[in-house]
């Protein structure tokens, strides 16, 4: 979405959303929370030089998120579905201003790559 479209988008409150959009927001929020928790667990595992099933599951979860973002060319590939459900506001804009929300994906990508690199390197030395 272009910057001018982002700036012109009206914020939609929870009460204005239909049932489908609300359910999608809940599912999307849970997915995002799992991704952040997985990233934190991978970082913890790298710091402790441990590998376990949960660490590998977290790596797979972040990998799935990475593939989804590649498919969406840096945007969530479910954005069009979310808009059709009546919610044109991207997930990061639920909690951040538009400019910061747009920067969140590249920043989290760099952090994720660093954490995954540390996990791989630190775990091999153990």
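Of 43, 47, 68, 64, all but one fail to be farther than 15 Å from residue 113 by Cβ and touching a residue at least 60 places away in the same chain (Cβ under 8 Å); the exception is 47. Restricting 105, 111 to those that are surrounded by fewer than 18 Cβ atoms within 10 Å (Cβ to Cβ), touching a residue at least 24 places away in the same chain (Cβ under 8 Å) and within 19 Å of residue 44 (Cα to Cα) reduces the list to 111. Exactly one of (1) modelled with pLDDT of 90 or more; (2) exposed (fewer than 13 other Cβ atoms within 10 Å of the Cβ) is unmet by residue 73. Its number? Single failed check for residue 73: (1).
The values are calculated or read from the model by the stated rules, or taken from the named source; none is laboratory data. These figures come from a predicted structure and were not determined experimentally. No Cβ is skipped: glycine too gets one built from the backbone with ideal geometry, and neighbour counts run over all protein chains shown.
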